[in-house]
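A short reminder: the numbers here are calculations on the coordinates, not readings from a lab. The structure displayed is predicted, hence computed values, not measured ones. Glycine also receives a Cβ, built like all others from the backbone with ideal geometry; neighbour counts cover every protein chain displayed.
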Amino acid sequence: MRTILDLKKGESAIVEQFIDESLSCKLLTMGILPHAKITMVRVAPFGGAFYLKLNGLNVAVRKNEAATIIIKD
């Protein structure tokens, strides 16, 4: 089981599902939807946030939020 935390800079994957139901509503509102292609843009210094690109949008998620997004290649 891979999550956003496993992506390296420039690597892409498909969002499969979310682990935490309480955070899933927030992630869905941000536009992070199942079956969406997501690309790791960069990791903030000290790993506090992850900058992602999906559907032409750039979004930032915290480490604890990124850990709940399950991806597939």
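Contact list please: Cβ distance under 7 Å, first residue in segment 7-18 and in contact (Cβ under 8 Å) with a residue 24 or more places away in the chain and closer than 17 Å to Thr68 by Cα, second residue outside any strand (DSSP E or B) and among the acidic types (Asp, Glu), pairs at least six apart or on different chains.
Qualifying pairs under 7 Å: Ala13/Asp73.
So Ser12 fits all but one of (1) within 9 Å of the chain's Cα centre (by Cα); (2) surrounded by fewer than 17 Cβ atoms within 10 Å (Cβ to Cβ); what number is the exception?
Going through (1) within 9 Å of the chain's Cα centre (by Cα); (2) surrounded by fewer than 17 Cβ atoms within 10 Å (Cβ to Cβ) one by one, Ser12 breaks only (1).
Sort out which residues of segment 24-68 are closer than 18 Å to Met1 by Cα, in a helix (DSSP H, G or I) and not small (Gly, Ala, Ser), and write them in order of number.
Selection gives Lys63, Asn64, Glu65.
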